[in-house]
Amino acid sequence: MKERISTEYDLLAVTGPTASGKTLLAAFIASRLGGEIISADSRQVYRNMNIGTGKDYDDYVIDGKSIPYHLVDIVHPGVKYNVFEYQRDFISAYNDLKARGVFPVVCGGSGLYIDSIITGYRMYEVPPDANMRSALEKKSMAELTSILSTYKKLHNKTDLDSKKRLIRAIEIEHYQSSGKKQVSRFPALKVLVTAIGLDRETRRRRISERLKLRLAGGMIDEVKKLLTDGVSSETLIYYGLEYKYITLYLMGRLSYEEMTCELETAIHQYAKRQMTWFRGMERKGTVIHWIDGDLPLHKKAEQVIGLL
C-alpha cells in the first residue's frame with residue numbers, strides 16, 4: 001500500500017557494504033512511497049555485466065510490481081565511466097523524477113558516488129587527449145608508472161592495475177597541472193542517508209554464500225561471453241573483483257581454486273574498504289542512520305520511512 005509522506009528531504013539514500021541487501025530494501029521502500037530507484041553503483045552502469053555486478057533484477061519486483069530504476073545498463077563495457085559523468089546522469093534522472101512528482105530513492109554501495117550526491121562535489125571534466133594517449137601507448141608499464149610518479153605520490157594502487165588506467169591517470173594529472181578546469185555545478189540537496197549495518201561475521205558469511213551462488217549461476221560464462229564479444233581482458237581486469245579474477249582464470253594465469261580463493265578475499269577486502277569510506281563520511285559530518293541488517297525487511301523499511 002502506497003504511503004503518503006511529507007518530508008523535508010529531497011531524496012533518500014540506501015547504502016551499505018556489499019551483500020547487505022540494499023537493492024531489495026530500497027525497492028521495497030520505493031514501492032511503499034511510489035518512488036523510483038536511482039542506482040549509485042559504479043559497475044552496474046555497464047550493459048551485459050549482470051551477475052558479476054550483482055544487478056539482481058528480481059529485487060526490483062515487489063508484490064508482483066516492477067519498481068523502475070535508473071542508471072543501470074546505460075553504457076557499454078569498455079567505456080571509462082566516472083564520477084563526473086555519474087553526477088551529470090544523476091541530475092538528469094533526479095530532475096525527471098521530480099518533474100513527475102516521484103520520490104527518488106538512491107541505492108548503491110559506491111561510496112564515492114553516494115558522497116558526490118550528498119556533498120555536491122565540484123568536479124571538473126578531463127577530456128581525452130588523443131595525441132597524448134597515442135604517445136603513451138608506446139611506453140611500457142614501468143615507464144608509465146615513472147611518468148605518473150612525477151605528478152603525484154602513488155597512493156592509489158588501482159591506477160597501476162593496467163596500461164589503460166595508467167594512461168588515464170597521467171592524462172588527468174597532466175590536464176589538472178595545465179590549470180584548465182571545466183567545473184561542474186551540482187545543486188545542494190537535502191539527503192536522508194541510511195545504511196544497512198551487519199556485524200563482520202555475518203557480512204563475511206553473506207559474501208561467501210553469494211559468491212558460491214554467482215559462480216554456480218553462470219558468472220564465469222558471463223565473463224567468457226564478454227571476452228567473445230570483444231571486451232578486452234585488460235578492460236575486464238580494470239573493472240576489478242569478479243571480472244578481474246575470472247579473466248585471469250580464463251587466461252590460465254590462475255587455477256580455479258586460486259581464482260575462487262583470491263576473489264573471495266578481494267571481496268571481503270572491498271567490503272572493509274566500503275565501511276572505511278562510510279566512516280570517513282561520518283567523520284566529515286555526514287549523518288548516516290544505520291539500520292540493523294538482521295531485522296526483517298518490513299521492519300527495516302519501517303525504520304527508514306519513519307526517519308523521513
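Where a number appears in this text, it was derived from the coordinates with a stated rule and is not lab data. Keep in mind that this is a model prediction, so the values were computed, not measured. So basically every Cβ, Gly included, is an ideal-geometry build from the backbone, and we count neighbours across all protein chains shown.
Normalized C-alpha radius of gyration of the stretch 215-308, against 2.2 N^0.38 Å? Mind dumping the intermediate values first?
Details: Rg = 18.5 Å, N = 94, 2.2 N^0.38 = 12.4 Å.
Ratio of Cα Rg to 2.2 N^0.38 Å: 1.50.
Only four residue types carry charge here, +1 at the Cβ of Lys and Arg and -1 at the Cβ of Asp and Glu. Report the dipole size of the chain about the Cα centre in Debye, rounded to the nearest 20. Intermediate results must be reported in sequence, preceding the final value.
Values: 46 positive and 38 negative charges, 137 e Å.
Dipole size: approximately 660 debye.
Report the gain in length on full extension from Leu307 to Lys163: 0.36 nm times residue separation, minus Cα-Cα distance, nm rounded to one decimal. Walk me through the numbers before you get to the answer.
Values: separation 144, 0.36 × 144 = 51.84 nm, distance 4.60 nm.
Working it through step by step, the gained length comes to 47.2 nm.
Set the Förster distance to 41 Å, then compute FRET efficiency between Tyr151 and Lys65 from the Cβ-Cβ distance, nearest 0.05.
Numbers: r = 51 Å, r/R0 = 1.24.
For Tyr151 and Lys65, the calculated efficiency is 0.20.
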### Summary
Here P(r) for the chain, Cα-Cα distances in 10 Å bins, as whole percents, is 5, 24, 34, 25, 10, 2, 0
### Message
Using a 7 Å offset from Cα along Cα-Cβ at Lys225, what residues in the stretch 43-66 end up with backbone N under 17 Å from the label point?
### Response
44-58
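Under a Cβ-only charge scheme (Lys and Arg +1, Asp and Glu -1), can you give me the dipole magnitude of the stretch 195-268 about the Cα centre, in debye to the nearest 20?
Computed charge dipole of the stretch 195-268: roughly 240 debye.
Rounded to the nearest 500, what is the 222 nm mean residue ellipticity of the chain from helices alone, with -39500 (n - 2.57) per DSSP H run of 4+ residues and division by all residues?
Details: 12 runs with 152 residues, N = 308.
Taking each H run of at least 4 residues, the total per residue is -15500 deg cm²/dmol.
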### Query
Could you give the nm distance between label points at Tyr9 and Arg133, where each point is 7 Å from its Cα heading toward the beta carbon?
3.9
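Once you compute Rg and the Kirkwood Rh from C-alpha atoms, what is the Rg to Rh ratio for the stretch 189-236? Intermediate results must be reported in sequence, preceding the final value.
Working: Rg = 16.9 Å, Rh = 13.9 Å.
Over the Cα atoms of the stretch 189-236, Rg/Rh equals 1.22.
For the stretch 70-130, report the % of Cα-Cα distances exceeding 15 Å. Please list the in-between numbers first.
Values: 1050 of 1830 pairs.
The answer is 57 percent, as a whole percent.
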### Query
Nearest 20 debye, what's the magnitude of the dipole of the stretch 1-154 about its Cα centre given +1 on Lys and Arg Cβ and -1 on Asp and Glu Cβ?
280
### Message
Give me the percent relative contact order of the chain, please, defined on Cα pairs under 8 angstrom at least 6 residues apart.
### Response
26
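Quote to one decimal, in nm, the extra length available between Arg210 and Lys190 on full extension: 0.36 nm per residue of separation minus the C-alpha distance between them.
Numbers: separation 20, 0.36 × 20 = 7.20 nm, distance 3.38 nm.
Roughly 3.8 nm would be gained on extension.
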### Message
As an exercise, use a Förster radius of 30 Å and the Cβ-Cβ distance of Glu264 and Lys80 to find the FRET efficiency, rounded to the nearest 0.05.
### Response
0.65
### Summary
Spelling it out for Ile74: with amide H atoms placed in the peptide plane at 1.01 Å from N, the residues 5 or more places away or on another chain with amide H under 5 Å from its amide H are Tyr46, Arg47
## Note on the structure
Karplus-derived 3J(HN,Hα) from phi for the stretch 86-98 (6.51 cos²θ - 1.76 cosθ + 1.60, θ = phi - 60°), whole Hz, x at Gly and Pro, runs 4, 4, 4, 6, 4, 4, 4, 5, 4, 5, 5, 5, 5
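Under the √(5λ) rule applied to the eigenvalues of the Cα gyration tensor, what semi-axes describe the equivalent ellipsoid of the stretch 45-151? Give them in Å, descending. Could the numbers behind the result be given before it?
Numbers: eigenvalues 238, 66, 31 Å².
Each semi-axis is √(5λ); the values are 35, 18, 12 Å.
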### Task
Set the Förster distance to 25 Å, then compute FRET efficiency between Ser92 and Gln176 from the Cβ-Cβ distance, nearest 0.05.
0.45
### Message
With the cut-off at 21 Å, tell me which of the pairs Lys224/Lys244; Lys138/Lys163; Lys98/Lys284; Lys138/Lys244; Lys22/Lys98; Lys55/Lys164 have Cα atoms farther apart than that.
### Response
Lys98/Lys284; Lys138/Lys244; Lys22/Lys98; Lys55/Lys164
